[in-house]
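Only one structure is covered here, and it is reproduced in the block below.
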Amino acid sequence: MEIISDYITLSTKGDSDIKDITGEVNSRLAKAGLKNGIVNISVLGSTCAITTCEYEPGLINDLKQMFENFIPKDKDYNHDGAWHDGNAHSHLRSSLVGPSLSISFIDGKLFLGTWQQIIFIDFDNRARKRKILLQFSGE
């Protein structure tokens with residue numbers, strides 16, 4: 001068993017900016033040279049998240065609307081009262097989705113469905129530079 005760490009760095013606009021990182025993860029898997037195992041994808045930060053979905057414009061808009069309906073930006077949150085940074089909704093949305101995801105790979109290919117992509121979501125209320133850790137475990 002071998003463990004290989006790699007990073008993806010992204011610049012984002014914030015405000016539920018959603019990026020498809022599947023191609024980057026695939027590229028890093030090929031570079032790692034492992035055939036079978038698991039990749040753990042972890043994001044550094046408490047206002048962003050990693051998950052999977054079909055990455056297409058309609059669904060991306062639906063996701064953004066779902067987050068706004070479920071955890072609205074313009075609500076009064078205790079965190080905003082304490083820190084005055086206006087991003088409590090970002091922390092809550094991030095906590096709901098989560099900071100990491102594990103995906104199996106077989107024969108050097110990510111085990112994803114035809115319409116399933118790995119997406120990164122930046123919920124913060126400002127543009128950010130983000131760092132994503134990839135840890136490939138396998139042989």
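Summary table below
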{"read-out": "Members of the stretch 78-90 found to be of a type outside the set (A, V, I, L, M, F, W, C) and surrounded by 17 or more Cβ atoms within 10 Å (Cβ to Cβ), listed by number", "value": "Asn87, His89, Ser90"}
{"read-out": "Residues of the stretch 93-139 that turn out to be part of a strand (DSSP E or B), aromatic (Phe, Trp, Tyr) and within 27 Å of Asn69 (Cβ to Cβ), as a count", "value": "1"}
{"read-out": "Which listed residue, of Leu96, Leu134, is more than 11 Å from the chain's Cα centre (by Cα), surrounded by 14 or more Cβ atoms within 10 Å (Cβ to Cβ) and closer than 16 Å to Val43 by Cβ", "value": "Leu134"}
{"read-out": "Inter-residue pairs, beta-carbon under 7 Å, first of a type in the set (Asp, Glu) and in the stretch 78-91, second at pLDDT below 95, 6+ apart", "value": "Asp80/Gly86"}
{"read-out": "Members of the stretch 1-19 that are of a type in the set (Lys, Arg) and at pLDDT below 95", "value": "none"}
{"read-out": "Filtered residue count, the stretch 110-132, keeping only those that are polar (S, T, N, Q) and without any contact (Cβ under 8 Å) to a residue 60 or more places away in the chain", "value": "1"}
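Let's see how each residue does on (1) in contact with a Cys (Cβ under 9 Å, 6 or more places away or on another chain); (2) of a type in the set (S, T, N, Q); (3) closer than 25 Å to Asp6 by Cα:
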site: Asn26; (1), (2), (3): no, yes, yes
site: Lys31; (1), (2), (3): no, no, yes
site: Asp80; (1), (2), (3): no, no, no
site: Ser100; (1), (2), (3): no, yes, yes
site: Ile106; (1), (2), (3): no, no, yes
site: Leu112; (1), (2), (3): no, no, yes
site: Phe120; (1), (2), (3): yes, no, yes
site: Arg130; (1), (2), (3): yes, no, yes
site: Ser137; (1), (2), (3): no, yes, yes
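The values are calculated or read from the model by the stated rules, or taken from the named source; none is laboratory data. Values in this document were obtained by computation on a predicted structure and should not be read as measured data. Every residue, glycine as well, gets a Cβ built from its backbone with ideal geometry; the counts of neighbours run over all protein chains shown.
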